[in-house]
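The values are calculated or read from the model by the stated rules, or taken from the named source; none is laboratory data. Quantities reported herein were computed from a predicted structural model and do not represent experimental measurements. When we count neighbours, we look across all protein chains shown, and the Cβ atoms used for this are built from the backbone with ideal geometry, even at glycine. Surface areas here come from the heavy atoms of the whole protein model, side chains and all, with no ligands, DNA or RNA. Shrake-Rupley method; radii C 1.70, N 1.55, O 1.52, S 1.80 Å.
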Amino acid sequence: MPAFQTARGMRDLLPEEAERLNYIICKARETAQYYGYREVITPVVEPYELLSAKSGEEIRSRMFTFKDLGDRTVALRPEFTASIARLATKALKNEPKPLRIFSVGSVYRYDEPQRGRYREFWQSNFELMGSNRPEADAETILLTNSLIKATGLRNYSFKIGHIGVIREILSQENVDEKAQNAILQLMDKKEYGKAFRLIKQEKCRKTLQGLLELNGNTAFETVEKIKKHVAGYEKAVAAAENLLGILQLVTESGCPIETVEPVFARGLEYYTGLVFEVYVPELDTALGGGGRYDRLIEVFGGEPTPAVGVAHGLDRIALAMQTQTTALSPRRDKRAVVIPVKQELKAEALKISQMLREAGVSVEFEVMGRKMAKALEDADRRKVDFAVIVGEKELKEGAVVVRDMMKHEQTTIEIGRLTEKIRGKDE
Ligand code: AMP
């Protein structure tokens, strides 16, 4: 038999990694609750048509696409937004606005595997639909700030920009949407030369080239410079003002916005306004990113609905936590092993285990038939809090022996008081 491996770009998450990922998922869910986002669960496999409708060539070409047995072309979701947009146009169409929706799960992209870049990875996704106001944009940044803070990461910072500035300049110069998307995509890959070659209009090209060189000492200064630079392109000025409004709201709430990038085109084609990403110094790729997409729901056949959203790369957050050696907050449940002294006491010992589990204690039952000394040695290795030793003599008196594994102390205790003894260490 060959030694089986995971498919290229796919990973097994071993217990410690799975624990870290689950911890982050937990924090994302808590964040959703604190901000009033309701969770939906959508399929991993979606019609190719839905996923490709507005994802942009870049993601389209990296989707895991295949035919199902009914000869339908389907794909593994490369992100959540298309599925959520579908809900917004149908199942959730009549929900009162604003509509706040949260999802978490695995997504799939045929990316070139490297550190922090996988073909199967996890995202938490927040969408806020129905508001075109800067406070809605600010909310997606603030909730990202809350999530990253809750994971214990340090020194993270946000980079923000506004696709509207670039799109409005191009629109005023009659560059059509398809060409705009091609230009933005090249800009996203930092292939500015190629992007500018696609722009025929001299003034437009010069303005965009000039934007690239803009740099202020503070985020606010940069936005002010952008505003001045694009004077003459009215809607681009309005976009810069919108960015300024969002920046004000976010920084006043204490969120670390470090950089404003005048030419910041995030990968996905559907963005129309604010775009942002969050980084830690230890990784050169983003931990999460999002922005405003006011036209997507319309493109999917729904009512025109302004919307803003963010996706967090949970594997990258996990990687950043590992790099910064961020501790997971301590587990609250106590852990015990239950060891019957003799085979005949197994049933009694199992009964005691069930009692403890029902009271919220995590119990590992001795299943290897080990002798007491070996079983205790193993309990020590597993770093449990207590060992419960079920012996004949004590049982006759309705009691067991409890060994505190940290203090190396042991006492005999009535079974009726066992839970209290083990859980009591919480207080
Ligand atoms: P996007 O949906 O492209 O805006 O990505 C949102 C976030 O998902 C990014 O900021 C990353 O943190 C994460 N991400 C994107 N692609 C990958 C990948 N191939 N592997 C791991 N994380 C990824």
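Which residues, taken from the stretch 88-104, are within 22 Å of residue 269 (Cβ to Cβ) and buried (at least 21 other Cβ atoms within 10 Å of the Cβ)?
Those that are within 22 Å of residue 269 (Cβ to Cβ) and buried (at least 21 other Cβ atoms within 10 Å of the Cβ): 88, 101, 103.
Mind counting the residues in the stretch 284-318 that are open to solvent by 10 Å² or more (accessible area, probe 1.4 Å) and within 9 Å of the ligand (Cβ to nearest atom)?
The qualifying residues number 6.
Which residues, counting only those in the stretch 319-348, are within 16 Å of the ligand (Cβ to nearest atom) and either of a type in the set (Phe, Trp, Tyr) or out of contact with any Asp or Glu (no Cβ under 7 Å at 6 or more places or on another chain) (or both)?
319, 321, 322
When you scan the stretch 117-127, do you find a residue that is closer than 18 Å to residue 266 by Cα, in contact with a strand residue (DSSP E or B) (Cβ under 7 Å, 6 or more places away or on another chain), at pLDDT below 95 and not in a loop (DSSP other than H, G, I, E, B), even just one?
No, there is no match, as no residue in the stretch 117-127 is closer than 18 Å to residue 266 by Cα, in contact with a strand residue (DSSP E or B) (Cβ under 7 Å, 6 or more places away or on another chain), at pLDDT below 95 and not in a loop (DSSP other than H, G, I, E, B).
Which condition number does residue 266 fail, the rest of (1) away from the ligand (no atom under 16 Å from the Cβ); (2) of a type in the set (Lys, Arg); (3) surrounded by 17 or more Cβ atoms within 10 Å (Cβ to Cβ) being met?
(1)
Grab the strands (runs of 3 or more DSSP E) fully contained in the stretch 1-113, keeping just those with 3 or more residues being within 15 Å of the ligand (Cβ to nearest atom) and either touching a residue at least 12 places away in the same chain (Cβ under 8 Å) or under 25 Å from residue 303 (Cβ atoms) (or both).
Passing ranges, in order: 99-108.
Among (1) open to solvent by 40 Å² or more (accessible area, probe 1.4 Å); (2) out of contact with any Phe, Trp or Tyr (no Cβ under 9 Å at 6 or more places or on another chain); (3) at pLDDT 95 or above, there is one condition residue 350 misses while meeting the rest; what is its number?
The number of the failed condition is (2).
Please count how many residues of the stretch 216-237 are within 24 Å of residue 172 (Cβ to Cβ) and open to solvent by 50 Å² or more (accessible area, probe 1.4 Å).
Total meeting the criteria: 9.
State all residues of the stretch 283-310 that are of a type in the set (A, V, I, L, M, F, W, C) and out of contact with any strand residue (DSSP E or B) (no Cβ under 9 Å at 6 or more places or on another chain); if no residue qualifies, say none.
283, 299, 300
Only one of these is open to solvent by 30 Å² or more (accessible area, probe 1.4 Å) and modelled with pLDDT of 95 or more: 340, 281. Name it.
On inspection, the qualifying residue turns out to be 281.
I'd like the residue in the stretch 247-263 that is under 22 Å from residue 188 (Cα atoms) and either in contact with a Leu (Cβ under 8 Å, 6 or more places away or on another chain) or assigned to a loop (DSSP other than H, G, I, E, B) (or both) and, out of all such residues, is most open to solvent (accessible area, probe 1.4 Å).
Taking the candidates together, the pick is 261.
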